[in-house]
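First the structure, in the form of structure tokens, and then the observations on it.
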DNA sequence: GTGGTTTTGCAACATAGTAGCATTTGCGCC
DNA sequence: GGCGCAAATGCTACTATGTTGCAAAACCAC
């Protein structure tokens, strides 16, 4: 299975960033691309294990860091102390996140960055705004 | 110095929440009240030590948790994995934070919660919005 | 295939936060 | 003022998350 000339979306993304296409990288990126929510290092590691992909905790950290540095993925700090990762689908980091306070799930909400025309006190230079919405996701909200 | 009938702001706040007025609690709360920025557990611990107030790491965690639960202080997760604490001066948690990407300092920006009239995809129930602005603080911005 | 660089895997370390339990302390009550 | 009891503290040990250094392995250009 090496004569393929067809590259998967994950493989294309990786080569486009000038990185080597490795088992772990492809698998991690595919997991992130397939996920409808932000995943923790742990969840990704579990998914890898389920696919029978042997890997090291450290490798995964480094892979994720590389994806973030390359601008392919993005990292966000949650209320628990675990960082969550997701694919930065379109454009810059200008997208909001929705954090379900019941199941703890974090989803990316693309294209709804609001008018954050805040009037900052003097001297502050605004670079980018990060918006996290808290509430209940569709799944948890139904039960209420 | 125990015949005082006058209570400090910190002491009043503590008793108002039905908690006991202890050395550590008063000191921590006074530190938070005096701070112009959000502080990490570590920074607060250092400040306590400077005041010669003996304390335990665990006690500080518990004190801070209590303050947050009582609604006196608020907790926020930063990009580093340390939680930062600040006094929730006015009203609910409806205030934004400014994170200086150069010195890492986090300040609370009261009264500038923007119109987060975001149109959520179907099914999401918005509870509260958390806004974190990134950029340079006045001090760091000057040097640029 | 060969060579050189990137990436991985391992082991050890670092930091942030938590749990259980005995001791101390604040504070209401007498 | 002293007593008792619940709340708070301090200790030790532990968990979880993330990092560093280095040797071995894997990628990929040639």
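Does residue B:42 count as within 12 Å of DNA strand D (Cβ to nearest atom) and either assigned to a helix (DSSP H, G or I) or on the phi < 0 side of the Ramachandran plot (or both)? Answer is no for this residue. Among the residues of the stretch B:73-84, the ones that are surrounded by 17 or more Cβ atoms within 10 Å (Cβ to Cβ) and within 12 Å of DNA strand D (Cβ to nearest atom) come to 1 in all. Across the stretch B:66-78, the qualifying residues are those that are in contact with a strand residue (DSSP E or B) (Cβ under 8 Å, 6 or more places away or on another chain) and within 12 Å of DNA strand C (Cβ to nearest atom), and the one among them that is nearest to residue A:81 (Cα to Cα) is B:77.
Determine whether the stretch B:1-10 contains at least one residue that is within 13 Å of DNA strand D (Cβ to nearest atom), touching a helix residue (DSSP H, G or I) at 6+ places or on another chain (Cβ under 9 Å) and either closer than 27 Å to residue B:98 by Cα or at pLDDT below 95 (or both). Yes, that holds for at least one residue. Taking the criterion of being more than 14 Å from chain A (Cβ to nearest Cβ), within 10 Å of DNA strand D (Cβ to nearest atom) and assigned to a helix (DSSP H, G or I), the residues of the stretch B:49-63 that qualify are B:57, B:58, B:59, B:60, B:62, B:63.
Yes or no: the stretch A:69-81 includes at least one residue that is assigned to a helix (DSSP H, G or I) and modelled with pLDDT of 85 or more. It would help to see each step written out before you state the result.
Step one: of the stretch A:69-81, the residues assigned to a helix (DSSP H, G or I) are A:69.
Imposing the further condition that a residue be modelled with pLDDT of 85 or more reduces the set to A:69.
Checked the stretch A:69-81: at least one residue is assigned to a helix (DSSP H, G or I) and modelled with pLDDT of 85 or more.
Scanning the stretch B:123-144 for residues that are more than 7 Å from chain A (Cβ to nearest Cβ), modelled with pLDDT of 70 or more and farther than 30 Å from residue B:9 by Cβ turns up B:140, B:142.
Of the residues that make up the stretch A:18-36, is at least one within 14 Å of the chain's Cα centre (by Cα), more than 9 Å from DNA strand D (Cβ to nearest atom), under 27 Å from residue A:102 (Cα atoms) and part of a strand (DSSP E or B)? Within the stretch A:18-36 (the criterion being within 14 Å of the chain's Cα centre (by Cα), more than 9 Å from DNA strand D (Cβ to nearest atom), under 27 Å from residue A:102 (Cα atoms) and part of a strand (DSSP E or B)), the answer is no, since none of the residues qualifies.
Within the stretch B:41-60, residues that are over 19 Å from residue B:82 (Cα atoms) reach partners that are not in a loop (DSSP other than H, G, I, E, B) with beta carbons closer than 8 Å, at six or more positions or on different chains, in the pairs B:51/B:27; B:53/B:23; B:53/B:24; B:53/B:27; B:55/B:24; B:55/B:45; B:55/B:48; B:55/B:49.
Conditions tested, residue by residue: (1) modelled with pLDDT of 85 or more; (2) away from DNA strand C (no atom under 12 Å from the Cβ).
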{"position": "A:16", "(1), (2)": "yes, yes"}
{"position": "A:28", "(1), (2)": "yes, no"}
{"position": "A:84", "(1), (2)": "yes, yes"}
{"position": "A:98", "(1), (2)": "yes, yes"}
{"position": "A:105", "(1), (2)": "yes, yes"}
{"position": "A:117", "(1), (2)": "no, yes"}
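The values are calculated or read from the model by the stated rules, or taken from the named source; none is laboratory data. Source: prediction; values computed, not measured. Positions of Cβ are generated from backbone atoms using ideal geometry, with glycine treated the same way; all protein chains shown enter the neighbour counts.
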